[in-house]
1. Could you give each residue of the stretch 6-23 its phi-based ³J(HN,Hα) in whole Hz, using Karplus coefficients 6.51, -1.76, 1.60 with θ = phi - 60°, and x for Gly or Pro?
2. Quote to one decimal, in nm, the extra length available between residue 7 and residue 24 on full extension: 0.36 nm per residue of separation minus the C-alpha distance between them.
Amino acid sequence: LIAADVNEKGVDFELSKMKPNVLYNIPKGCWHNIALWEGAKVLIIEDANKHLPLPDGDSEFHYLSVE
């Protein structure tokens, strides 16, 4: 699970290794993404019509590096 603090200085990423059968609650307004192994499965529950690209939606894109 990748979360980020996006501010005027840039983007600070935080990585958490997800565990099986654990519920993760992402606070409203927190940028996040999930990096999965091939064949991995997750269940995502969220409000309808979320994560549309800006300006119509609420999604911001931040590219990840190998680092």
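Every number in this text was worked out from the coordinates using simple rules, so none of it is lab data. Predicted model, so just to flag it, every value in this text is computed and none were measured.
1. 9, 9, 5, 7, x, 10, 10, 8, 10, 10, 10, 6, 6, 10, x, 6, 10, 8
2. Working: separation 17, 0.36 × 17 = 6.12 nm, distance 2.31 nm.
Here the segment from residue 7 to residue 24 would lengthen by 3.8 nm.
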